[in-house]
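Below: one structure, written as structure tokens.
The values are calculated or read from the model by the stated rules, or taken from the named source; none is laboratory data. Only a predicted model underlies this, so the values are computations on that prediction, with no experimental measurement involved. Ideal geometry is used to build each Cβ from the backbone, glycine not excepted, and the neighbour counts take in all protein chains shown.
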Amino acid sequence: MKSGFGIFLAAFIALGGSWCGFVLAPVHQLGGAQETTVLNSTDIYPLPRSGEGGLGLQVYRANGCAACHTEQVRQTGVACSVVLADPGKNPVAVTNLISSLVLTNLTREDAAKVAGKITAAGGKPEIRLGATGPDIARGWATRQSVAEDYLYDLPVQLGNLRAGPDLANVGVRDPDLNWQLTHLYAPSAITKGSAMPPFRYLFELHKIGQVPSPDALRFPGDFALPPGYEVVPKAEARQLAAYLLSLRASVPLYSAPISP
């Protein structure tokens, strides 16, 4: 009896501690999160999504997109780079000096030394801060993902598998609406050999009427439709594309600073 109570008490403490760590602590830490301002600016971030973008989050969820894509850019560190803002009155000497210096992937101390040499030569340098890491090197974003990026997401679609690229900043990487819609209808038309399944049930294929639809997709030569037919996105396709275009986690924040 005594041992049974001890086991129960130990299990209760373990489960209660886990609940506090995984549920209560994050709610206490992030439950009151609010909009913030862009670093060195008065712009507010993030802004609420448009009606189509908000509905598109649910289309994204319903179609299981988070099973193959993440929305969380990882960052392993930061590095400084030095750029020349003004060559000054002796541009030849400054240019020759710069050609002999390492200007990227520097520590703060090394960047300050390089900037001091350029200043001594008469130039005007600037030190810029940048994020580093495999996700950054792939061009998926310019900084790590932070809590503010998900303020208007319910549910948050972090994902845990990258069968496809991370989408946290896809609205900046691929900002063209027709590109996004074409990619949803025929991924291989955009990316050769793509493993992404086509979402053609989000579109309508029909004969062209007296006047072609202004919303009809445009395909490259090898993927051209049969003569007299056109593909038009349904409301769900436009909502999903609007959501993808709204994913723009790129601005510098106090919690994730980068040089614009």
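Among the candidates 247, 225, 217, which residue alone is surrounded by 12 or more Cβ atoms within 10 Å (Cβ to Cβ) and under 23 Å from residue 168 (Cβ atoms)?
Values: 225 fails: under 23 Å from residue 168 (Cβ atoms); 217 fails: under 23 Å from residue 168 (Cβ atoms).
Criteria check complete, one pass: 247.
Take the stretch 97-118 and flag every residue that is part of a loop (DSSP other than H, G, I, E, B) and surrounded by fewer than 17 Cβ atoms within 10 Å (Cβ to Cβ). If you could, list the steps in order and put the result at the bottom.
Of the stretch 97-118, the ones part of a loop (DSSP other than H, G, I, E, B) are 100-105, 107.
Residues satisfying the conditions are 100, 101, 102, 104, 105, 107.
Considering only the stretch 34-72, state which residues are among the small types (Gly, Ala, Ser), part of a loop (DSSP other than H, G, I, E, B) and either exposed (fewer than 12 other Cβ atoms within 10 Å of the Cβ) or outside the structural domain of residue 235 (by TED's automatic domain parsing) (or both).
Just the residues of the stretch 34-72 that are among the small types (Gly, Ala, Ser), to begin with: 41, 50-51, 53-54, 56, 62, 64, 66-67.
Now drop any that are not part of a loop (DSSP other than H, G, I, E, B), which leaves 41, 50, 64.
Listed by number, the residues that qualify are 41, 64.
Within the stretch 104-132, restricting attention to residues that are in contact (Cβ under 8 Å) with a residue 60 or more places away in the chain and under 26 Å from residue 70 (Cβ atoms), which residue is nearest to the chain's Cα centre (by Cα)?
The qualifying residue nearest to the chain's Cα centre (by Cα) is 131.
Go through (1) under 20 Å from residue 36 (Cβ atoms); (2) of a type in the set (Gly, Ala, Ser); (3) touching a strand residue (DSSP E or B) at 6+ places or on another chain (Cβ under 7 Å) and name the single condition residue 115 misses.
Only one criterion is unmet by residue 115, namely (1).
Give me the pairs, please: first residue somewhere in the stretch 176-200 and under 18 Å from residue 234 (Cβ atoms) and without any contact (Cβ under 8 Å) to a residue 60 or more places away in the chain, second residue anywhere and assigned to a loop (DSSP other than H, G, I, E, B) and of a type in the set (D, E, K, R), beta-carbon distance under 8 Å, and either six or more positions apart or on two chains.
Cβ pairs passing all conditions: 178/218; 182/218; 183/174.
Please go through the stretch 71-101 and give me each residue that is in contact with a strand residue (DSSP E or B) (Cβ under 9 Å, 6 or more places away or on another chain) and of a type in the set (A, V, I, L, M, F, W, C), ordered by number.
73, 78, 79, 80, 82, 83, 84, 85, 94, 98, 101 - these are the residues of the stretch 71-101 that are in contact with a strand residue (DSSP E or B) (Cβ under 9 Å, 6 or more places away or on another chain) and of a type in the set (A, V, I, L, M, F, W, C).
Assess whether residue 81 counts as being hydroxyl-bearing (Ser, Thr, Tyr), touching a helix residue (DSSP H, G or I) at 6+ places or on another chain (Cβ under 9 Å) and outside the structural domain of residue 154 (by TED's automatic domain parsing). I'd like the intermediate steps shown before the answer.
Working: hydroxyl-bearing (Ser, Thr, Tyr): yes; touching a helix residue (DSSP H, G or I) at 6+ places or on another chain (Cβ under 9 Å): yes; outside the structural domain of residue 154 (by TED's automatic domain parsing): yes.
In short, yes.
Please specify each residue of the stretch 203-247 satisfying the condition of being of a type in the set (A, V, I, L, M) and in contact (Cβ under 8 Å) with a residue 24 or more places away in the chain.
Within the stretch 203-247, 205, 217, 231, 232, 237, 240, 241, 242, 244, 245, 247 qualify.
Of all the helices (runs of 4 or more DSSP H) wholly in the stretch 169-260, which have at least 2 residues that are within 22 Å of residue 158 (Cβ to Cβ) and at pLDDT 90 or above?
Details: elements: 170-173, 177-185, 187-190, 235-246.
Once the helices (runs of 4 or more DSSP H) in the stretch 169-260 are filtered for at least 2 residues that are within 22 Å of residue 158 (Cβ to Cβ) and at pLDDT 90 or above, what remains is 170-173, 177-185, 235-246.
Looking at 137, 120, which is the one that is over 21 Å from residue 87 (Cα atoms), at pLDDT 90 or above and among the hydrophobic types (A, V, I, L, M, F, W, C)? Explain how you work it out, then say what you get.
On the way: 120 fails: over 21 Å from residue 87 (Cα atoms).
Just a single option satisfies the conditions, and that option is 137.
For the subset of the stretch 144-159 comprising residues that are among the charged types (D, E, K, R) and assigned to a helix (DSSP H, G or I), which member is farthest from residue 250 (Cα to Cα)? Don't jump to the end; show me each part of the working.
Here is the first cut: in the stretch 144-159, the ones among the charged types (D, E, K, R) are 148-149, 153.
From the residues that got through so far, the ones that are assigned to a helix (DSSP H, G or I) too are 148-149.
On the way: 148: 12, 149: 9 Å.
Filtering first and then ranking leaves 148.
Kindly evaluate residue 162 against the criterion of being closer than 24 Å to residue 55 by Cβ, of a type in the set (Lys, Arg) and not in a helix (DSSP H, G or I).
Taking the combined requirement at face value, the residue does not satisfy it.
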